[in-house]
Amino acid sequence: MTVEYPESNCLDEALETLLDRVVEHASRRGFRASKEGVKSGIGFSVETPYLVAEGMVARGMLDRDGCRFSVSSTGDSFLQRTVEIAFLIRGESLFPEFDRGRLIGAVIYALYDWSNTKRGEEMLLDASRVLETLKRLREENPDAFRLAAVTLPRLYYEDCRYTPTKLLQEILEVTRGKQ
């Protein structure tokens, strides 16, 4: 597989395409999200949203035709999962009620593969597993769910010390005796 990254002048278009689709999914779930709000939630620096867009192109989650982009079916499903996760944890996340989509952006950041070893399909599978684990935690271990809802969108993932899956495993270990 040859990985092709968009030129820097095309990254704005790639990011806009990604943000447009996220806002569409969010509005279907009843979220008040703006492209600016989602973008501000992706990571801890102004470059991070562009790195995510670039990586999604490289992983086939955004299809490219010159400097025009569209969201692939894998990318669309991945973005749907991020919105579902944000919707699920919203009440316990301690984000402001009208965050304009920052929580969704933070979930995109959390679920992105910072190790640069996974393909789009693997990222989608990971997002689906995280969603199912969070649903199970909400029912079986509310303390662990609350801790995950607060922590998941706030960790720094770029150093690869944590992934959402590793975070959830450690939360389960910490809260296991408190059930």
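Residues of the range 128-179 that are among the aromatic types (F, W, Y), out of contact with any Pro (no Cβ under 9 Å at 6 or more places or on another chain) and under 23 Å from G75 (Cα atoms): Y156, Y162. With respect to being touching a Phe, Trp or Tyr at 6+ places or on another chain (Cβ under 6 Å) and assigned to a loop (DSSP other than H, G, I, E, B), Y157 fits the description. For Y162, the conditions (1) part of a loop (DSSP other than H, G, I, E, B); (2) of a type in the set (S, T, Y); (3) under 27 Å from D12 (Cβ atoms) are fulfilled apart from (3).
Would a scan of the range 52-67 turn up a residue that is closer than 17 Å to E97 by Cα and β-branched (V, I, T)? No, because not a single residue in the range 52-67 is closer than 17 Å to E97 by Cα and β-branched (V, I, T).
Number of residues in the range 92-129 that are outside any helix (DSSP H, G or I), open to solvent by less than 30 Å² (accessible area, probe 1.4 Å) and either in contact with a Phe, Trp or Tyr (Cβ under 8 Å, 6 or more places away or on another chain) or of a type in the set (D, E, K, R) (or both): the value is 4. Can you tell me which residues in the range 83-116 are more than 24 Å from R59 (Cβ to Cβ), among the acidic types (D, E) and touching a residue at least 12 places away in the same chain (Cβ under 8 Å)? Within the range 83-116, E92, D99 meet the criteria.
Yes or no: L168 touching a Phe, Trp or Tyr at 6+ places or on another chain (Cβ under 6 Å), outside any loop (DSSP other than H, G, I, E, B) and at pLDDT 95 or above? Before the answer, list the steps.
Details: touching a Phe, Trp or Tyr at 6+ places or on another chain (Cβ under 6 Å): no; outside any loop (DSSP other than H, G, I, E, B): yes; at pLDDT 95 or above: yes.
No: the conditions fail for L168.
Considering the range 51-66, and only residues there that are more than 22 Å from L152 (Cβ to Cβ) and open to solvent by 60 Å² or more (accessible area, probe 1.4 Å), the residue that is modelled with the highest pLDDT turns out to be D63. I need the full set of residues from the range 5-27 which are of a type outside the set (D, E), in contact (Cβ under 8 Å) with a residue 40 or more places away in the chain and open to solvent by 30 Å² or more (accessible area, probe 1.4 Å), in order please. Y5, N9, R21, V23 - these are the residues of the range 5-27 that are of a type outside the set (D, E), in contact (Cβ under 8 Å) with a residue 40 or more places away in the chain and open to solvent by 30 Å² or more (accessible area, probe 1.4 Å). Figure legend. Inter-residue proximity from the range 30-53: first residues among the hydroxyl-bearing types (S, T, Y), second residues open to solvent by 60 Å² or more (accessible area, probe 1.4 Å), beta-carbon distance below 6 Å, spacing 6+ or different chains. Indicated pairs: S34/R100; S40/R102.
Listed conditions (1) surrounded by fewer than 21 Cβ atoms within 10 Å (Cβ to Cβ); (2) out of contact with any Leu (no Cβ under 6 Å at 6 or more places or on another chain); (3) modelled with pLDDT of 95 or more are all met by K35, apart from (2).
The values are calculated or read from the model by the stated rules, or taken from the named source; none is laboratory data. The structure displayed is predicted, hence computed values, not measured ones. Reconstructed Cβ throughout: ideal geometry from the backbone, glycine too, with neighbour counts over all protein chains shown. Heads up: the accessible areas ignore ligands, DNA and RNA and are worked out on the full protein's heavy atoms, side chains in. Shrake-Rupley method; radii C 1.70, N 1.55, O 1.52, S 1.80 Å.
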